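Novice: Pasting a structure below so you can have a look.
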């Protein structure tokens, strides 16, 4: 979860035309798009967010201003339809309160049932109580969860310098076939609310401690793909993927192309951080990187949907 200054926030729907190539694509290879990083919240939290501020100070810090948008499942599906996008992977917030975890998990799981094939739910667990967290993860998996996330270590009191403490929860995720999405940030550059200290060296400790867990590191993993020029780093990323959520706030568009060249396009996932960034802006950004859905390059199909399908275990074309 990335949170910019309020004047940089955009509307829920795509500005301008639908995604490039939505009609008349010609020889374009991309025939579907899956957004791997969006956020939705129960309407009662969106309407009265202040009611949970005392129970989660991190949520209050990130969403204390009304300009910080909260979207419901219906908002998301309307935006997907408007942009010509097939489906989205919906993240939960990094709650610490067990009741908030369960309540919002139930909302995400219900949204997936109401919009089958359009919303794939990730859930959250209370990391401060490993036994309760494991039980909640098992419950959510039985109800249709596909992943655990978006974990926000700085807001949840998770010390990635000692990732072994996460063993019971992450090993359960692996056993249940769930991937794990972790917020990541850059160790340099401008500051912003929610940036935190989940830097590449800490992510290296995390995936090195749990090589069987399928990790998705958000926001291009805080720049971790660029360290893939080190052979030992690239070799260790066999179970790691990176999404492009909120990248227009972080990097020049060339970062996407360079990351794909270093770690391979099979490691990248199209993600927006909706409703933070609308689809019109995201497609314009990616087009400048040579990643337009209307393009013909072979890496476009896995980036926009194939890699997501594999992580979601949907089968079909990659």
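Novice: Residue by residue through region 269-318, note down the ones that are within 20 Å of residue 80 (Cα to Cα), without any contact (Cβ under 8 Å) to a residue 40 or more places away in the chain and touching a helix residue (DSSP H, G or I) at 6+ places or on another chain (Cβ under 6 Å).
Specialist: 285, 291, 302
Novice: I would also like to ask the following. Can you find a residue that is within 24 Å of residue 38 (Cβ to Cβ) and in a loop (DSSP other than H, G, I, E, B) anywhere in region 170-178?
Specialist: Yes.
Novice: Turning to a different aspect of this structure: Please work out which residue is surrounded by the fewest Cβ atoms within 10 Å (Cβ to Cβ), limiting yourself to region 118-150 and to residues that are under 15 Å from the mean Cα position of the chain (by Cα) and touching a residue at least 40 places away in the same chain (Cβ under 8 Å).
Specialist: Only one residue fits best here, namely 146.
Novice: Moving to a separate point now. What number of residues within region 172-183 satisfy the criterion of being free of Cβ contacts under 8 Å to residues at least 40 places away in the same chain and more than 23 Å from residue 194 (Cα to Cα)?
Specialist: Count: 3.
Novice: Oh, and also: Please note which helices (runs of 4 or more DSSP H) are completely contained in region 253-318 and include at least 3 residues that are over 21 Å from residue 221 (Cβ atoms).
Specialist: 279-288
Novice: If you don't mind, there's one more thing I want to ask. Looking at region 27-42, which of the residues that are surrounded by 15 or more Cβ atoms within 10 Å (Cβ to Cβ) and outside any strand (DSSP E or B) is nearest to the chain's Cα centre (by Cα)?
Specialist: 40
Novice: Something else: Among the residues of region 151-166, what is the count of those that are assigned to a helix (DSSP H, G or I) and in contact (Cβ under 8 Å) with a residue 40 or more places away in the chain?
Specialist: 7
Every number here is computed from the coordinates shown, using simple stated rules; none is lab data. Since we're looking at a predicted model, the values are computed, not measured. Neighbour counts are summed over all protein chains in view; Cβ atoms, including those assigned to glycine, are modelled from backbone coordinates with ideal geometry.
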